[in-house]
């Protein structure tokens, strides 16, 4: 059964007097414990699809269904609540807060997600997640002292610390070298499987597709038929 569904999704923008269609009726079904990759040329609509699915911008038409709830009919406050509590995000840049150490980055995410854990339980959960991603030795480190690969591992930790149902990753390896890219994709795959997360990934790197379960190619705002 699909945890996440997109039905006849449409997105258009006004460019002066001209209305440009970016998404032209997209249907998508995502299952638990799977990584689905969106690929395609620049301007194909893949990042637009991801950001609409994640509730970061509204659609012009169609529906986004998460756990049986229609996000397109929800108030913005309700969408923000779902985003904070049940969605995780990884971007090309780690977007770490420069003046917070690694532990505090994750504690902040628990605050944002409205965690009911006690202070001690939160610290224990941070320690558990950092061990899971192999970063337990960097608890007190600040972003300036971390390598690119380490920053992305912390970004992944932050994205899963509140145990989300959905993980959205937009070009998570684009700023890394090939060795670090493989390490990050291996980690995303391992966490998707072990935590039974539903992951939607945008990438332009063919080498990363080996770590995904399904590849969807987009062109001109449409999903291309499978070969």
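Our compactness index for the stretch 46-119, the C-alpha radius of gyration over the empirical 2.2 N^0.38 Å, is 1.29. Take the alpha carbon atoms of the stretch 138-187, find their center, do the same for the stretch 31-59, and report the distance between the two centers in whole angstrom. Cα centroid of the stretch 138-187 versus Cα centroid of the stretch 31-59: 19 Å apart. Between 66, 91, 13, the Gaussian network model of the chain with springs among Cα atoms under 10 angstrom shows the greatest mean-square fluctuation at 13.
Subtract the Cα-Cα distance of residue 74 and residue 92 from 0.36 nm times their separation in residues, and report this length gain in nm to one decimal.
Extra length available between residue 74 and residue 92 comes to 3.6 nm.
The stretch between residue 140 and residue 124, if pulled fully straight at 0.36 nm per residue, gains 4.3 nm over its current Cα-Cα span.
With the chain treated as a Gaussian network of Cα nodes joined by springs under 10 Å, which of 150, 103, 207 yields the largest mean-square fluctuation? With Cα springs under 10 Å in the chain, the top fluctuation among 150, 103, 207 is at 207.
Globularity index of the chain is 1.03 (Cα radius of gyration / 2.2 N^0.38 Å, N = number of residues). Could you state the angle between the C-alpha long axis of helix 148-160 and the longest principal axis of the C-alpha atoms of the chain, as a value from 0 to 90 degrees rounded to the nearest 10? Value to nearest ten degrees: 80.
To the nearest ten degrees, helix 178-194 and the longest principal axis of the Cα atoms of the chain are 90 degrees apart. The angle separating the long axis of helix 119-132 from the principal Cα axis of greatest extent in the chain is about 70 degrees.
Every number in this text was worked out from the coordinates using simple rules, so none of it is lab data. No experiment lies behind these values; they were computed from the predicted model shown.
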